Amino acid sequence: MNTMQAVWISTFGGPEGLEIRIVGKPTINDDQVLVRVRASSLNRADLLQRQGKYPPPPGFPVEIPGMEFAGEVAAAGSSVRQWKPGQRVFGLIGGGAHAEYVVTYEHLLAEIPANLDWTEAAAVPEVFITAHDALWTQANLRPGETVLIPAVGSGVGLAAVQLARAMQAVPYGTSRTADKIERAKPLGLEDGLVVRENAVRDNFEELQAEAEKWTAGKGINVLLDLVGGPYVKAAQKLMAHKGRMILVGTVAGGSYELEARYVMSKRLNIRGTVLRSRSLNEKTAATRLFAAEVVPLLAHGVLRPNVDSVFPMAEISQAHQRLESNETFGKVVVVME
Ligand SMILES: NC(=O)c1ccc[n+]([C@@H]2O[C@H](COP(=O)([O-])OP(=O)(O)OC[C@H]3O[C@@H](n4cnc5c(N)ncnc54)[C@H](OP(=O)(O)O)[C@@H]3O)[C@@H](O)[C@H]2O)c1
């Protein structure tokens, strides 16, 4: 069969513009791998792509969203060494993963541990690679350090809590939903603060008092910011000397107000990061570190995927609505079978 089913953005805008279409099945070159996708997850970037606000990088379909997948190798090109048909793999892709097949490169794949089913595996790549790359690789998080994670009940937030613990660091978080803080504690969250709707500026003093208590006045070593806007402004004041602020998300605002008296006097290291637009070499490096450092911890149950909900591909509009509700705790997974 030269065709497959895929989610298709027929009109940019709301979830009602999504449909399932029969499209051409992609074909591979000698150095590529064809993966039969069993499950994928939703990301905020898929919502933006649906709205016409975030086109995929060149080479990926504008109309088919999906940035991660779990599935089995269906075919491998003649120069591919690492993979054979039937192997269970997961990974990131620039787009097109909400479909029955994707084409990728061998070094962008990792083997799924036997203890994860398709749904659990699909909840892993984007959030664990993002959090691992940000905390372990870029922030060089060390044992005993403190980490602050705004929107801690998000997919990336829950991966970050577990990765901080796995590094013997101490994670704290904020959420606008009290329930999410409590639910994150069994995963390793030390403590958290409920911030009022869109208003971290209004209860900043409370956050500052909490951070002082949490860190015995030393300040936060690493911020993994998943929301942006006023959260970044507030966080700069909470940071320890030589703290690292890794800026990953913008759901609360895309501009930051920074003050030299904090940034310079504390000698803060502020770094923005994005995965999707990285070069093939950079994505390969992040995937290799993920395979070496994160996958074994998943295999031993030290790290666990967090699935909020599961939808069949035919209910893709409902899946988008679920993620947009901001009620999710972990990943919204879409199954392709
Ligand atoms: N740079 C990258 O490469 C990269 C990769 C992956 C994700 N991201 C970004 O990282 C962030 C987390 O992603 P995710 O997929 O884990 O998110 P998610 O699971 O969709 O969770 C996001 C959560 O953020 C909170 N939130 C939403 N709007 C907010 C606002 N205006 N103010 C404060 N909190 C708000 C909500 O929880 P509560 O309100 O209940 O706390 C929501 O459930 C997103 O911003 C995403 O775009 C970036």
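Backbone geometry of segment 241-254 corresponds, through the Karplus equation with coefficients 6.51, -1.76 and 1.60 at θ = phi - 60°, to 3J(HN,Hα) couplings of 4, 6, x, 10, 10, 9, 9, 10, x, 9, 4, 9, x, x Hz, x marking Gly and Pro. Label-to-label distance for Tyr54 and Gln318 is 2.4 nm, based on points extended 7 Å past Cα in the beta-carbon direction. Take 250-263, 166-179 and order them by the average number of nearby Cβ atoms within 10 Å per residue, most first; the result is 166-179, 250-263. How much accessible area per residue does segment 200-337 have, counting only protein heavy atoms and a probe of 1.4 Å, in square angstrom? Ligands and nucleic acids excluded, the figure is 47 Å² per residue.
Prolate is the label for the chain, because the ratio a/c of its alpha-carbon gyration tensor axes (a ≥ b ≥ c) is 1.5 or higher and a/b is greater than b/c. Between Met1 and Ser79, the contour length at 0.36 nm per residue exceeds the Cα-Cα span by 25.7 nm.
Considering helices alone, the calculated mean residue ellipticity of the chain at 222 nm is -6500 deg cm²/dmol, with DSSP H runs of length four and up weighted by -39500 (n - 2.57) and normalised per residue.
Beyond a 27 Å Cα-Cα separation, which of these cross-linked pairs lie in this structure: Lys185/Lys237; Lys180/Lys213; Lys53/Lys185?
Values: Lys185/Lys237 25 Å; Lys180/Lys213 21 Å; Lys53/Lys185 35 Å.
Beyond 27 Å: Lys53/Lys185.
Note on the chain: with neighbouring protein chains present and a 1.4 Å probe, carbon and sulfur make up 50 percent of its accessible heavy-atom surface. Mind pulling the angle between the C-alpha long axis of helix 204-214 and the longest principal axis of the chain? Nearest 10 degrees, somewhere in 0 to 90. Taking the Cα atoms of the chain, the angle to 204-214 is about 90 degrees.
Based on DSSP, what percent of beta bridges with both residues in the chain are antiparallel, to the nearest 5? Don't skip to the answer; put the middle values down first.
Numbers: 30 of 56 bridges.
Of the beta bridges lying entirely in the chain, close to 55 percent run antiparallel.
Using C-alpha pairs under 8 Å with a sequence gap of at least 6, the mean separation divided by the residue count of the chain gives a relative contact order of 18 percent. One chain, two ends: Ala285 and Glu327. Fully extended at 0.36 nm per residue, the span grows by 11.8 nm beyond their Cα-Cα distance. Rounded, prolate or oblate: which one fits segment 127-272, using the alpha carbon gyration tensor with axes a ≥ b ≥ c (rounded when a/c is under 1.5, else prolate when a/b beats b/c, else oblate)? Because its axes are fairly even, with a/c under 1.5, segment 127-272 counts as rounded.
Taking amide H atoms as placed 1.01 Å from N in the peptide plane, the amide H of Thr146 lies under 5 Å from those of Val170, Asn221, Val222, each 5 or more residues away in sequence or on another chain. Taking Ile22, Ile181, Ile112 as the candidate residues, the one with maximal mean-square fluctuation in a Gaussian network model of the chain, Cα springs under 10 Å, is Ile22.
For Ser277, Ser41, write out the residues from largest to smallest accessible area, computed with a 1.4 angstrom probe and no ligands counted. Before the final figure, lay out the partial values.
Values: Ser277 85, Ser41 0 Å².
Ranked list, largest accessible area first: Ser277, Ser41.
Karplus-derived 3J(HN,Hα) values for segment 84-93, using 6.51 cos²θ - 1.76 cosθ + 1.60 with θ = phi - 60°, are 10, x, x, 5, 8, 9, 9, x, 9, 8 Hz; glycine and proline are entered as x. When the trypsin sites (Lys or Arg not before Pro) in segment 1-108 are filtered for DSSP coil states and for at most 11 other beta-carbon atoms within 10 Å of their beta-carbon, the remaining sites are Lys53, Arg81.
The values are calculated or read from the model by the stated rules, or taken from the named source; none is laboratory data. If you're wondering where the values come from, they're calculated on a predicted model, not measured in any experiment. Quick reminder, even Gly has a Cβ in these numbers, built from the backbone with ideal geometry, and neighbours come from all protein chains shown. Note: accessible area is taken over every heavy atom of the protein model, side chains too, but ligands, DNA and RNA are not part of it. Shrake-Rupley method; radii C 1.70, N 1.55, O 1.52, S 1.80 Å.
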